[in-house]
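Here is the structure we will look at.
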Amino acid sequence: MAVQAQQWVDQLTAHGFLVVPVRANRRPSDVSLWSQLPGVRTGVNLARFLRDLVSAFHCTDVVTIFSAFFNYFFWVTFPALLVARAQKKPVILNVRGGAAEAFFHRYGTILRPMMRWVSAVIAPSGFLAQAVERAFGVKALIVPTMVDVDRFPFRIRDFGRARLLAARNLESLYGLDVVLESFARVQKKIPHARLTLVGDGSLRLFLERLAVRLGVASSVQFCGAVPHVEMPAVYDRHDILVNASRVDNLPNVILEAFACGLPVVSTRAGGIPFLVDHGQTGLLVDVDDCDGLARGVLHLLESAESARAMVYKARFEAEKHAPKRVINRFLEVVSFVLSERSR
């Protein structure tokens, strides 16, 4: 979400708008021991965030809040909504994340009055737009996720090397254990296959041990977190993207793979079927289906013509998310909000 927000800032600035970004996770200048205590750190960060919001709102006409859910909503989105309401600023709520639907179901009673404070709701996919409408009866406008396709050079793979890539945080909801299980099945048929895991998280040690237990540790590389600016080179070194999300909305990693010609095999979690057209722009399997994921990878490795047909269509899909198209759509929403306010 931070990557998306920065891309929006850059594009809007390039279009001549004054944009004042306020980070929810700004690095503190005070690194003293007391400020690192969990409870104190949270309080200090919230106070700084609110101070930055009040300062920014003095020189802005419209507020856009990128919102994830659960703890993030209560510590970031809700305070921002309160400040915007106090200063009578129109708010465009930009909803993000595959957990939104569960959050709406759990906290809908609390959220419903807050939704009346918002001038417009935008969502990057039909999946989230439908979740908003079902929960609150509010029509969410779709403004796609932004991908700078020019940063991801497109090329066709020969698939002979069988280099697989999974690029998600090493957390349970992204199913990297399923990726490892499916890779073990792939390697039984293609011994020279290799898997790279890009990302870090609380499950790293568990996943490293799982790789050993499955007998594939020597063929799996754990890269840790990689700066986003370096990801085009990472994609270019691989042949297939494997994604095993258990909960998701519209992963940037899939769009970036589309842009650079990396064929995708993914679970159909959450909003992913709104992005990946099974058999056309990629392959989809059920959540936690290790065998299905392995079969999808093997199909692409053994049917190069089919894989090549998919990546051409996927590149066309990625171009719908080019920055100029996304920003033009967003500016239509801004114009609508300002015109409604002027009435």
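The values are calculated or read from the model by the stated rules, or taken from the named source; none is laboratory data. Predicted model, so just to flag it, every value in this text is computed and none were measured. Note: ideal-geometry Cβ built from the backbone for every residue, glycine included; neighbour counts use all protein chains shown.
How do the pairs read when you match residues in segment 8-24 that are closer than 13 Å to V334 by Cβ with residues anywhere that are part of a loop (DSSP other than H, G, I, E, B) and aliphatic (A, V, I, L, M), using Cβ under 6 Å and keeping only pairs 6 or more apart or on different chains?
Pairs that qualify, where the first residue is closer than 13 Å to V334 by Cβ and the partner is part of a loop (DSSP other than H, G, I, E, B) and aliphatic (A, V, I, L, M), are L12/V19.
When the residues of segment 201-229 are narrowed to those that are of a type in the set (V, I, T) and outside any helix (DSSP H, G or I), which ends up surrounded by the most Cβ atoms within 10 Å (Cβ to Cβ)?
Checking each candidate, the answer is V220.
Among the listed residues V198, V179, identify the single one that is in the same structural domain as A294 (by TED's automatic domain parsing), within 17 Å of V265 (Cα to Cα), assigned to a helix (DSSP H, G or I) and at pLDDT 95 or above.
Only one candidate passes the filter, namely V179.
Of these, F159, F154, which one is more than 16 Å from H321 (Cβ to Cβ), over 18 Å from the mean Cα position of the chain (by Cα), touching a residue at least 12 places away in the same chain (Cβ under 8 Å) and assigned by TED's automatic domain parsing to the domain that holds D288?
One residue alone meets the criteria, F159.
So which of F66, F49, F104, F70 is at negative phi, at pLDDT below 90 and of a type outside the set (D, E)?
F49
A quick yes/no check of all residues on (1) surrounded by fewer than 16 Cβ atoms within 10 Å (Cβ to Cβ); (2) of a type outside the set (V, I, T); (3) more than 29 Å from D61 (Cβ to Cβ):
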residue: V149; (1), (2), (3): no, no, yes
residue: R155; (1), (2), (3): yes, yes, yes
residue: G160; (1), (2), (3): yes, yes, yes
residue: L165; (1), (2), (3): no, yes, yes
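Restricting to segment 216-243, name every residue that is farther than 16 Å from A193 by Cβ, of a type outside the set (D, E, K, R) and touching a residue at least 60 places away in the same chain (Cβ under 8 Å).
Correct list: H228, M231, P232, V234, Y235, N243.
How about segment 38-70: which of its residues are within 22 Å of R341 (Cα to Cα), in contact with a Phe, Trp or Tyr (Cβ under 9 Å, 6 or more places away or on another chain) and not hydrophobic (A, V, I, L, M, F, W, C)?
T64
Evaluate segment 69-82: report whether one residue or more is touching a residue at least 40 places away in the same chain (Cβ under 8 Å) and more than 22 Å from the chain's Cα centre (by Cα).
no
Can you pull out every residue in segment 148-165 that is among the aromatic types (F, W, Y) and at positive phi?
F159
Taking interchain pairs and intrachain pairs at least six residues apart, which have beta carbon atoms under 9 angstrom, with the first residue in segment 296-315 and assigned by TED's automatic domain parsing to the domain that holds R157 and the second basic (K, R) and surrounded by 15 or more Cβ atoms within 10 Å (Cβ to Cβ)?
V297/R185; L298/R185; A304/R157; A307/R157; R308/R157; V311/R157
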